[in-house]
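Undergrad: Please read through the structure below; I'll follow up with questions.
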Amino acid sequence: MFDRPLAIVDLETTGGHITRDRITEIGILLVDGEQVRPWRALVNPGQPIPPFIEQMTGISNAMVADAPPFEALAATVLELLQGRLFVAHNARFDYGLLKNAFRRLNMNWQAPQLCTVKLSRLLYPQHHKHSLDSLIDRFQLGCASRHRALDDAEAVWRFLSAARTELGEAALNQAARQLFGQPPALPPHLDASLLEDLPDTPGVYRFWDEQGVPLYVGKSINLRSRVWAHFGADTRQNKEMRISQQVARIDWIETVGEFGALLMESQQIKALQPVHNVRGRRERALCAWQLWPREDGFLLPRLVQGQEMDLGQVRDIFGVFRSVREAKKTLTDVADAYRLCHGVLGIDRVSGKKGQPCFARQLGRCRGACVGQESASQHNERLLHALQRLQLKPWPFDGAVAVVEQDEVSGSVEQHVFDHWRFLGSWRDGQPLNPAEPVFELDTYRLLAKYLLKPLKNTRLQPWPPAP
């Protein structure tokens, strides 16, 4: 690695989106053997620097107001990078942002890349953290101004030098060769340039064949890395191989955050019914168990169909199932686990005179409610306890609520609205995004119930509609 020209690069930007955001500072360390030459430049991004970024980097709008735009620096930057190994901490981001900046000027640039995050993980697997801050602390690298482009690039160079001293140049070269590896083996019908446009943002991606048939829908908090992973030579087996052989077109829908991506994935799978998505397809009529008292006081589970009632509105519903078969099997498993009476629950039809033991009693799996050895109140109490984990949670709000996601850099806001577990639609920056039919869906219920237990980062709940 050290026997070839290196360009160690760090960029400061207006945000984390490789196509939407712009460069505010470029730092390049040109390494030719033992000779090291620095180059840096402030860049006028042509758009405001958000306060969050200004505070982090120390680069203000006033500082870049009189700086040259990227187009004035592009020829110089291209000349500096030409013929060199592109090295950066999280190289995909810096490389993607630069490549897009050149592309907007109709300038072509490509270079082999080495990511020092991946290199650190490979060289030091015993450590869990590999951020630049972690490496600076671990190796006592020093950094005059963290989050300034050239200072960060120099810290990366000091890390490489420290690793070479500690592990030897041969170890670094071997790790670098392993990371270079083979490029993703792209499907024969796919336009490779399309993959370069993939953003490093949350969202949903869709694979289509040559006839426009939807093959697969997936989601990720990083669309670019996830889609590329589909075509990695080391992971292409079975399902991945089948998809790769068929896919001819890829498109994607960006979301502000992870929750929106999960929700959009569920909606897209139900709408498109992709060939290779087994889970999450359109739900047939849902059903659930509801308890009704018999004349003798025992509670009897009765199967109710989703079309009979709005499952999101009804209380005391146990287990929402995609088929009658699944519902009956679950009830049988619960009865066996808690030694409940199959006869009382209607699982077995007990014939003959009163007091006839159910089949489970004959096998020693029933405590005897069918033969009078357990009272209705005792059996009911154990039944309710057994079904507790299956109970559909009651809607915990007075009305509709929105899960609100906000991009802390761009300020863009998405609001995903629900009422009694039913998804009503999403709004982005006040505009309708994907209105939905307000029906109870099991996947949506599970997604929202899980979120309420453990909210995701950069999200909040608010009543809907919001107060003026």
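Undergrad: Looking at the range 125-146, which of the residues that are touching a residue at least 12 places away in the same chain (Cβ under 8 Å) and part of a loop (DSSP other than H, G, I, E, B) is surrounded by the most Cβ atoms within 10 Å (Cβ to Cβ)?
TA: The extreme case among them is 130.
Undergrad: Could you give me the residue pairs with C-beta distances under 7 Å whose first residue belongs to the range 79-100 and is closer than 14 Å to residue 153 by Cβ, whose second residue is modelled with pLDDT of 90 or more and among the acidic types (Asp, Glu) wherever it lies, and which are 6+ apart or on separate chains?
TA: 88/10; 88/94; 94/10
Undergrad: Just wondering, is there one or more residues in the range 442-453 that are more than 24 Å from residue 337 (Cβ to Cβ), part of a loop (DSSP other than H, G, I, E, B) and either modelled with pLDDT of 85 or more or hydrophobic (A, V, I, L, M, F, W, C) (or both)?
TA: no
Undergrad: Would you pick out the residues in the range 10-45 that are over 18 Å from residue 90 (Cα atoms), at pLDDT below 95 and small (Gly, Ala, Ser)?
TA: Selection gives 33 alone.
Undergrad: Can you name the residue in the range 414-441 that is of a type in the set (A, V, I, L, M, F, W, C) and in a strand (DSSP E or B) and is also farthest from residue 253 (Cα to Cα) among such residues?
TA: At the first step, the residues of the range 414-441 found to be of a type in the set (A, V, I, L, M, F, W, C) are 417-418, 421, 423-424, 427, 433, 436, 439-440.
From what's left, in a strand (DSSP E or B): 417-418, 423-424, 427.
Numbers: 417: 19, 418: 21, 423: 19, 424: 19, 427: 14 Å.
Here the answer is 418.
Undergrad: Still on this model: Tell me, which helices (runs of 4 or more DSSP H) wholly within the range 37-122 include 1 or more residues that are out of contact with any Ser or Thr (no Cβ under 6 Å at 6 or more places or on another chain) and either within 23 Å of residue 175 (Cα to Cα) or not assigned by TED's automatic domain parsing to the domain that holds residue 149 (or both)?
TA: Details: elements: 51-57, 61-64, 70-81, 91-103.
Answer list for the range 37-122: 70-81, 91-103.
Undergrad: Looking only at the range 329-381, which residues are within 16 Å of residue 297 (Cβ to Cβ), in a loop (DSSP other than H, G, I, E, B) and of a type in the set (A, V, I, L, M, F, W, C)?
TA: Residues satisfying the conditions are 340, 341, 344, 345.
Undergrad: Return a yes/no flag: does the range 6-29 have any residue that is part of a helix (DSSP H, G or I) and surrounded by fewer than 21 Cβ atoms within 10 Å (Cβ to Cβ).
TA: No, the range 6-29 has no match at all.
Undergrad: Identify the residue in the range 224-266 that is farther than 30 Å from residue 406 by Cβ and polar (S, T, N, Q) and, among all such residues, is modelled with the highest pLDDT.
TA: Here the answer is 246.
Undergrad: Sticking with this one: In the list 192, 176, 185, 171, which residue meets the criterion of being modelled with pLDDT under 90, in contact with a Leu (Cβ under 9 Å, 6 or more places away or on another chain) and exposed (fewer than 15 other Cβ atoms within 10 Å of the Cβ)?
TA: Of 192, 176, 185, 171, the one residue that is modelled with pLDDT under 90, in contact with a Leu (Cβ under 9 Å, 6 or more places away or on another chain) and exposed (fewer than 15 other Cβ atoms within 10 Å of the Cβ) is 192.
Undergrad: Let me ask another. Take residue 403 and tell me if it is of a type in the set (Val, Ile, Thr), crowded, with 16+ Cβ neighbours inside 10 Å, within 29 Å of residue 204 (Cα to Cα) and touching a helix residue (DSSP H, G or I) at 6+ places or on another chain (Cβ under 8 Å). Break it down stepwise before answering.
TA: Numbers: of a type in the set (Val, Ile, Thr): yes; crowded, with 16+ Cβ neighbours inside 10 Å: yes; within 29 Å of residue 204 (Cα to Cα): yes; touching a helix residue (DSSP H, G or I) at 6+ places or on another chain (Cβ under 8 Å): yes.
Yes: the conditions hold for residue 403.
The values are calculated or read from the model by the stated rules, or taken from the named source; none is laboratory data. All figures in this text were calculated on a predicted structure; none of them were measured in a lab. Glycine also receives a Cβ, built like all others from the backbone with ideal geometry; neighbour counts cover every protein chain displayed.
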